[in-house]
Amino acid sequence: MVELKQIESGKLLCLEAKSSLLDVSALFQQIKDYTGERKVPLKGDHLVIVYDPPEAINREQAHYAAAVELAGDCTGDGELTVVVQSNMTVAYECFQGPYEGLADVYQRIISWIHDKGYQVAGPAREFYLVGPPADPASFITEVQIPIRRFRAGNSSET
């Protein structure tokens, strides 16, 4: 079931890629190594920011960033960048099951956004609450899509 929630501003340490979303574990390992070596304090779950339009995400070849929320100061280093996340409203749904089922979740959220008079306001986000090495049937992923109210006379969607 699609719901709304507010996301507070914060800083994210990101590592961007254009590859299969199945490669994201290696990116998270790079982030873990970097933050561990520098003793960078973190908060929150791992997330992926998917830059491709939510209606057209191809999990085999996607433009995305693996990210972690920072609890302290960090400047990044080359490939690793710090991104400031603004306050936002997201439409979201939690899904239990293998990642192949996420296409249906995206479709439900997009339909809900349009039916309720909103429009997409930024890249989708995936939080992997339970993932490998667990059984794929028990994976839990929260998909979030930032939204804003549709303004009459503005036909462009982001």
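The values are calculated or read from the model by the stated rules, or taken from the named source; none is laboratory data. All figures in this text were calculated on a predicted structure; none of them were measured in a lab. Neighbour counts run over all protein chains shown; Cβ positions are idealised from the backbone, glycine included.
Tabulated results
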| quantity | calculated |
| --- | --- |
| Considering residues of region 77-129 that are in contact with an Asp or Glu (Cβ under 8 Å, 6 or more places away or on another chain) and acidic (Asp, Glu) only, the residue surrounded by the fewest Cβ atoms within 10 Å (Cβ to Cβ) | GLU79 |
| Single unsatisfied condition, THR75 versus (1) hydroxyl-bearing (Ser, Thr, Tyr); (2) in a strand (DSSP E or B); (3) free of Cβ contacts under 8 Å to residues at least 12 places away in the same chain | (2) |
| Any chance VAL2 is farther than 16 Å from VAL90 by Cα, in contact with a strand residue (DSSP E or B) (Cβ under 9 Å, 6 or more places away or on another chain) and modelled with pLDDT of 90 or more | no |
| Any pair with Cβ under 7 angstrom, 6 or more apart, that starts in region 86-97 at a residue that is over 11 Å from TYR128 (Cα atoms) and touching a residue at least 24 places away in the same chain (Cβ under 8 Å) and ends at one that is acidic (Asp, Glu) and surrounded by 14 or more Cβ atoms within 10 Å (Cβ to Cβ) | TYR92/GLU142 |
| In region 15-58, residue surrounded by the fewest Cβ atoms within 10 Å (Cβ to Cβ) [restricted to those that are outside any loop (DSSP other than H, G, I, E, B) and in contact with a Cys (Cβ under 8 Å, 6 or more places away or on another chain)] | ARG38 |
